[in-house]
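I have placed the structure first, in the form of structure tokens, so that the comments after it can refer back to it.
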Amino acid sequence: MTTASTNTNAQEQQQQERPPPRNIRRHDRIVTSDEEMKEFNKGYYAKAQSQYLDPCQAQTKASMKCMDENGFDKKKCTRFFKDYSDCKRKWLETLREDRRKKNLGITDDDDDVKKDTASGSS
């Protein structure tokens, strides 16, 4: 065996050896409430067209941090991805609902009146 082949074998062994996994932290769910989503949507509709706003920034940061801490192993971060997708789905549903209400001419005041009459007639 030559020194060149010995060096190559040593390099291959180093590449195959992975660092030990880091301690995985307990995952705390990050949930955005309906009230927070409504408040965010008010700012979203008032923003300039070219401005980017995302109500799921906390979930995005948490998932990217998890990926960074776990060597970009997606299997270890699926809970964070689920939180992000749940947040995004919820936000898009509220946007669609707001657009439907706008197209039908329903305002937030109308919703409050409907709730009051529904609770009063019970």
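The values are calculated or read from the model by the stated rules, or taken from the named source; none is laboratory data. Remember, it's a predicted structure, so these values are computed and weren't measured experimentally. Counting neighbours? That spans all protein chains shown, and the Cβs are built from the backbone with ideal geometry, glycine included.
Some notes on this structure:
- Tabulated pairs, the stretch 51-63, first surrounded by fewer than 16 Cβ atoms within 10 Å (Cβ to Cβ), second among the basic types (Lys, Arg) and at pLDDT below 90, C-beta under 9 angstrom, 6+ apart or interchain: 53/47
- Close pairs (7 angstrom Cβ cut-off, 6 or more residues apart or separate chains): among the basic types (Lys, Arg) in the stretch 71-89, not in a helix (DSSP H, G or I) anywhere: 76/24; 76/70; 79/27; 88/56
- So residue 22, is it charged (D, E, K, R), exposed (fewer than 10 other Cβ atoms within 10 Å of the Cβ) and either modelled with pLDDT of 75 or more or not in a helix (DSSP H, G or I) (or both): no
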